[in-house]
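What follows is a short report on a single structure.
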Amino acid sequence: MSTTPTIHGSPKGLLPLALSGVRFQRGDQVLLSEVNLTIGPRGKTIVLGPNGAGKSLLMRLCHGLVQPSGGLVRWALDERAAATAIRHRQAMVFQRPVLLRRSALANVAHALALQGVPRRQRSERAAEALERFGLLPLATRSARVMSGGEQQRLALARAWALRPEILFLDEPTSALDPSAVKAVEDAVLTFHEAGTRIVMTTHDLGQARRLADDVVFLCNGRLLEHTPAAQFFCDPQTPEAAAFLRGDLVW
Amino acid sequence: MDQNPFAQAFQLIVQMDPALAGIVSLSLKVSLSAAAIAAVLGLPLGAALALYRFRGRGAAVAGLNALMGLPPVVAGLMVYLLLSRAGPLGSWGLLFTPTAMVIVQTLLVFPIIAALSRQIIEDLWEEYREQLQSLGSSRLRAIPTLLWDARFSLITAVLAGFGRASAEVGAVLIVGGNIDGVTRVMTTAIALETSRGNLALALGLGLVLMMLGLLVNLTIYLIGEQARRRRG
């Protein structure tokens, strides 16, 4: 593998991302309330919390897939940039990757087409992304007949080709076997080294310890802690987080 | 004339009677053209109806679904009124031509293809929406992506449309007129021969019609299966 290129090429960065007073409700049910959060330009943030805490929802609000019922989600270049320009500088990897019924290479090229990359450059960039994640031998293989681990790696390669400034990962390893989990964690580090901001949810506390620079802890739709990882795992500030780390508050 | 009608029908087929060949080829031309035109119009419309939310969408979906059951004779009558000498499009001189038959069958097939593809694309959109939005796809840009990814299911929708076109008799009879050598197709010929008492010929035509349908469906199924096995 070649030396890692720097992803930050734009004059003005997308980050920090600032959420102020963000609230989300469906009907009478408040799923997320009064979230204030700043995601700085570098690092790996792991979002933790019991099931139904609102982790996935928080990521979707940040990524712009869901609009908040109240409050503001603001990027550093919000004032001037169009919504699509902001979207094109982010990427998201889902728990279950959605891949199109075409070859691995064509899946990546499709994403590049949506980003407005000229046709001539697409296959070269797509092949480069596949190579980085060890998928070049499978380039012509149909994405739908790949194994679960290969599919998730392809989703990561697709995100890589987009050269995002920030990458959201929603429980990317929860459906994978241990070797595939390792591959995803390595991929996260590859993104990190290239300068991509990482925001990721997981149910795996070991994984959180391995990857986190800082931890966002959610419980019942409220953001209870946002602290450096070392502090969170040794000395949680809230009784909920302490119970969660002990395993008393998992599901 | 005492001969077994099945045997007589078989003889007609084996001998490749030229009149029969002409009828078969016109049937195929008309119904395949109608299915193709209806697919070109109906697939994008079905996809758009699946993706966009607007006032009156529910009524549009229900209306389209109801039109799947549009009686062929009613469709035939409407096109007849449009194309007849006194009608608004009478000057085109299309009544009692194969073109008129294609028009009326397109009208019958279009709701089937549009309604079925609406459902197919809506289900697929449910699965793809977040990923495609995350990649920055607009709804309009998602339409070709979804149509291509749903292609195996959509083939079945188009085949259902073709089946409806090749099986109906009322519409082509009214706008085509069942003119020998000009607008006579399988179904109108069967109706005519039955009323004349030529049951053997009618039966033979019926068997040919069913075999044609089987042949078209089998060919497309095999092509689809081959592609599906490669693409997953």
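The values are calculated or read from the model by the stated rules, or taken from the named source; none is laboratory data. Just so you know, these numbers come straight off a predicted model, no measurement behind them. We place every Cβ from the backbone using ideal geometry, glycine too, and count neighbours over all the protein chains shown.
Observations on the model:
- Scope the range A:52-66; condition part of a loop (DSSP other than H, G, I, E, B) and within 12 Å of another protein chain (Cβ to nearest Cβ); matching residues: A:GLY64, A:LEU65, A:VAL66
- Residue under evaluation B:PHE96, criteria (1) assigned to a loop (DSSP other than H, G, I, E, B); (2) crowded, with 21+ Cβ neighbours inside 10 Å; (3) not small (Gly, Ala, Ser), criterion not met: (2)
- Residue count for the range A:107-116 under the criterion of being closer than 10 Å to A:ALA143 by Cα and either within 7 Å of another protein chain (Cβ to nearest Cβ) or in contact with a Pro (Cβ under 9 Å, 6 or more places away or on another chain) (or both): the result is 0.
- Positions within the range B:177-196 being farther than 15 Å from B:LEU28 by Cβ and buried (at least 22 other Cβ atoms within 10 Å of the Cβ), in sequence order: none
- Pairs, first within 14 Å of chain A (Cβ to nearest Cβ) in the range B:110-128, second among the β-branched types (Val, Ile, Thr) and not in a helix (DSSP H, G or I), C-beta under 8 Å, six or more apart: B:GLU127/A:VAL98; B:TYR128/A:VAL98
- The condition (being at pLDDT 90 or above, of a type in the set (Val, Ile, Thr), surrounded by fewer than 18 Cβ atoms within 10 Å (Cβ to Cβ) and within 17 Å of A:ILE166 (Cβ to Cβ)) is satisfied by just one residue among A:THR45, A:THR38, A:THR6: A:THR38.
- Selection status of B:GLY63, closer than 15 Å to B:PRO111 by Cα and either under 16 Å from the mean Cα position of the chain (by Cα) or of a type in the set (D, E, K, R) (or both): no
- Residues in the range B:136-167 that are surrounded by 17 or more Cβ atoms within 10 Å (Cβ to Cβ) and of a type in the set (Ser, Thr, Tyr) were compared, and the one that is farthest from the other protein chains (Cβ to nearest Cβ) is B:SER166.
- Residue within the range A:117-138 that is more than 14 Å from chain B (Cβ to nearest Cβ), part of a helix (DSSP H, G or I), out of contact with any Cys (no Cβ under 7 Å at 6 or more places or on another chain) and in contact (Cβ under 8 Å) with a residue 40 or more places away in the chain present: yes
- Of all residues in the range A:72-106 being in contact with a Lys or Arg (Cβ under 6 Å, 6 or more places away or on another chain) and not basic (Lys, Arg), the one that is nearest to the other protein chains (Cβ to nearest Cβ): A:ALA104
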